[in-house]
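What follows is a single structure, written as structure tokens, with notes after it.
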Amino acid sequence: MVLSKKLQAALNDQINKEMASAYLYFSMASWLHDQNLDGMASWMNAQAIEEMGHAKKIYSYVYERGGRVILDAIDKPKSDWKNAVEVFTDTLAHEQLVTKSIHALLDLAIKDNDHAAKVFLNWFIEEQVEEEASVESILDRLKLVGDKGVGLFMMDRHLGERGGH
């Protein structure tokens, strides 16, 4: 079964959203690095690379289903934040937008009665649950420790353990 034109277009749009996510997270990493929060910058770099992997996964899927990928421009991301709490607040809000987009894709696959797409998209649904929970946890802890002092240093060090330079 070939992808419907509508689902193919929506998947192409999702590729763009995943790459825009990577671009945003690289921008956040740059800002965090400039603030000497290298551990958080490393975490964001790893997040950006993960988002590019999501885009590639969708890209490959479109071709597996006989579709065509058409890439669009990626908007310039935000580049300045007040503090690390604002960075992770924006990260959570962004992940919530991505979740809505993935849910809309699944709704379209259900409408098309495209069982293969439903199975494929289920992976992304589960991934978004993980993504939001992870960022919410980081944000909650950052709000507890504030934007200065030993607590921030410890959070930075902890997030740096993820890697992703």
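Computed from the coordinates by the stated procedures, all read-outs in this text should not be read as laboratory data. What you see is a predicted model; the values in this text were computed from it and never measured. Note that each Cβ is placed from the backbone with ideal geometry, even for glycine, and that neighbours are counted across all protein chains shown.
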Using a Förster distance of 30 Å, how high is the FRET efficiency between K111 and I70, based on the Cβ-Cβ distance and rounded to 0.05? 0.85
So how do 13-25, 141-153, 55-67 stack up, highest first, on mean other-Cβ count within 10 Å? 13-25, 55-67, 141-153
Relative contact order (percent) for the range 5-157, with alpha-carbon contacts under 8 angstrom and 6 or more residues of separation? 28
Quick check: pseudo-label points 7 Å beyond the Cα along Cα→Cβ at E132 and H158, how many nm apart are they? 2.2
Aspartates and glutamates with Cα under 20 Å of K57, excluding same-chain neighbours fewer than 8 positions away: D13, E18, D72, E95, D107, D114, E126, E127, E130, E131, E132
Does the range 120-165 come out rounded, prolate or oblate, given a ≥ b ≥ c as the square roots of the eigenvalues of its C-alpha gyration tensor, rounded meaning a/c under 1.5 and, failing that, prolate meaning a/b above b/c? oblate
Please report, for the Cα atoms of the range 5-157, the Rg to one decimal and the Dmax as a whole number; what are they, in angstrom? 16.9, 54
Here the Cα Rg-to-2.2 N^0.38 Å ratio for the range 1-87 is 1.30
Over every pair of different alpha-carbon atoms in the range 77-121, take the mean of 1/r and invert it; report that Kirkwood radius in Å. 12.3
Length added when fully stretched, E50-Y63, from 0.36 nm per residue minus Cα-Cα: 2.6 nm
For K56, go through the lysines and keep the ones whose alpha-carbon is under 24 Å away, minus same-chain ones fewer than eight residues off. K5, K6, K17, K76, K78, K100, K118
